[in-house]
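The values are calculated or read from the model by the stated rules, or taken from the named source; none is laboratory data. A quick note: this is a predicted structure, and the numbers were derived from the prediction, not measured. Glycine gets a Cβ as well: all are built from the backbone with ideal geometry, and neighbour counts include every protein chain shown.
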Amino acid sequence: MPTLDMRTAVVIIVVVTQLKSTTAVELSVAVERWREGLDALLARTAPAFRRIETRLNAKRLVNALMAHLERRNCWTLAEQAGEAGPWRFQHLLSRAKWNDAQVRSEFRAYVSEHLNTVGGLRVLAVDETGDVKKGASTVGVQRQCSGTAGRIENCQLAVYLALATQAGHAAVDGRLYLPKVWADDAQRRERAGVPEDVVFATKPELAADMIEAALDAGIAADFATGDEAYGINSGGRRSPSPECAGGSKNRSRARRNSPRSMSTR
């Protein structure tokens with residue numbers, strides 16, 4: 001096997017060092033660009049928060065959620081954010097005054113602006129995820145089938161909507177599933193902080209609400225898709241009407257389990 005002379009070895013070391021330096025610079029630029037994009041998005045949502053402290057806590061929470069954590073709860077997120085405890089995040093999610101509908105509206109618009117910049121198919125995709133819980137007091141928790149866990153578990157279920165185009169994909173909405181046993185139990189609802197105007201809705205109905213809201217907001221999509229739980233639902237398979245695809249206004253819908261409509265402590 002041929003050996004390297006000193007001159008060749010030095011050249012290789014210089015090239016590798018330059019490549020590492022270039023990669024580090026590119027990574028630094030990418031991170032800075034990401035921070036600028038996140039700051040721009042959060043600035044758009046600022047009017048949804050009555051107090052600057054609440055808005056800053058929301059920014060801290062979002063940054064913490066981006067970290068690679070094995071478990072995400074108010075304790076682990078607070079630790080990631082450098083907080084002494086989870087109390088600020090718990091207050092933000094359960095008691096602070098802010099307009100979740102306005103935040104989701106701005107986020108939908110932001111995603112649409114950035115992902116509808118190229119041609120090709122535009123798809124709204126529906127899926128659900130489960131968060132395994134140990135107790136029985138978390139809103140919507142019960143023993144139910146969780147695709148995330150791959151079995152029946154004591155968990156919360158939520159339905160999510162994402163927009164996918166050739167430019168990329170991102171979630172644009174989400175709804176917490178409130179089982180009928182929860183919806184019909186007034187005492188349990190009161191203890192957990194479920195608002196009176198939150199009604200029971202099946203997961204396909206939650207998906208249909210989100211698709212309708214996305215189209216009303218002006219998100220252009222060629223079709224919507226989901227797994228068999230949504231495909232067998234005849235109501236969810238109807239084609240969007242022309243006025244829906246164009247962003248119809250003046251539609252009313254029941255308040256069906258927006259993420260902030262119920263406490264998530």
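A few notes on this one:
- Verdict on Ala78 being without any contact (Cβ under 8 Å) to a residue 24 or more places away in the chain and on the phi < 0 side of the Ramachandran plot: yes
- Ala67 of a type outside the set (Lys, Arg), closer than 30 Å to Val132 by Cα and either modelled with pLDDT under 80 or touching a helix residue (DSSP H, G or I) at 6+ places or on another chain (Cβ under 9 Å) (or both): yes
- Figure legend. Inter-residue proximity from the stretch 139-150: first residues within 18 Å of Arg71 (Cα to Cα), second residues outside any loop (DSSP other than H, G, I, E, B) and acidic (Asp, Glu), beta-carbon distance below 8 Å, spacing 6+ or different chains. Indicated pairs: Ser146/Glu153; Gly147/Glu128; Thr148/Asp131.
- Residues located in the stretch 99-124, provided they are crowded, with 20+ Cβ neighbours inside 10 Å and either assigned to a strand (DSSP E or B) or of a type in the set (Phe, Trp, Tyr) (or both): Leu124
- Selection of the stretch 37-54 for residues being farther than 18 Å from Ala170 by Cα and without any contact (Cβ under 8 Å) to a residue 24 or more places away in the chain yields Ala43, Ala46, Ile52, Glu53.
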